[in-house]
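Since every read-out is calculated from the coordinates, none of them should be taken as a lab result. Fair warning: this is a prediction, and the values are worked out from it, not measured in the lab. Methodologically, a virtual Cβ is constructed for each residue, glycine included, from the backbone with ideal geometry; neighbour enumeration extends over all protein chains shown.
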Amino acid sequence: MTIGIIAAALSTLNSGLNSMASVLIQDLYKPWRLARQAGTPALHFVRAGQGAMALVALVLGAMAMLCYYWQQYSDTPLLAFALGVMVFSYSGLLGVYFVTLFSQRGNRRSITAALIIGFFIPLSLQPYMMDLLWPAAWVTDIGFTWQLVIGTSVSTFICWLGKANPNPETSV
């Protein structure tokens with residue numbers, strides 16, 4: 001039973017790492033490389049994918065260690081901490097999702113801006129950041145659910161500001 005659990009965990013981890021490395025190579029590196037040097041051999045992209053897999057694993061490992069020490073330092077219960085950390089990525093993702101689901105607006109720049117702002121809004125609402133950014137009278141402890149609502153609302157608005165591309169087949 002233990003081996004089955006470990007195999008399932010490794011399978012899930014491997015597919016996540018593979019998909020992140022694939023996004024790095026196919027969506028970011030390959031178009032950049034082909035624009036600079038046409039005719040790059042396929043073996044180059046296979047090697048780049050292997051390197052991206054190692055890079056993503058190192059970054060996720062570093063993030064896991066950071067989150068471990070961050071949770072220990074904050075004395076937050078583990079479930080509340082995990083839900084609070086998810087706010088950083090979900091607020092931007094939900095904002096982009098809402099715009100693409102309910103409208104025809106949004107473009108590459110507004111989506112990128114919405115994802116970045118969706119990260120920084122919850123960051124600015126953390127108690128340790130509020131102490132640095134806001135006057136003492138404005139500092140309050142906002143729960144992670146409200147951080148998600150505020151971050152999603154702002155990132156939805158930012159993504160909605162982008163005008164839709166009239167010819168999406170030609171955009172990359």
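Structure summary
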| read-out | value |
| --- | --- |
| Residues of region 15-49 satisfying the condition of being hydrophobic (A, V, I, L, M, F, W, C) and within 20 Å of Leu60 (Cα to Cα) | Leu17, Met20, Ala21, Val23, Leu24, Ile25, Leu28, Ala48 |
| Leading residue by the ranking (surrounded by the fewest Cβ atoms within 10 Å (Cβ to Cβ)) among those in region 97-132 that are more than 17 Å from the chain's Cα centre (by Cα) and within 13 Å of Ile150 (Cβ to Cβ) | Met130 |
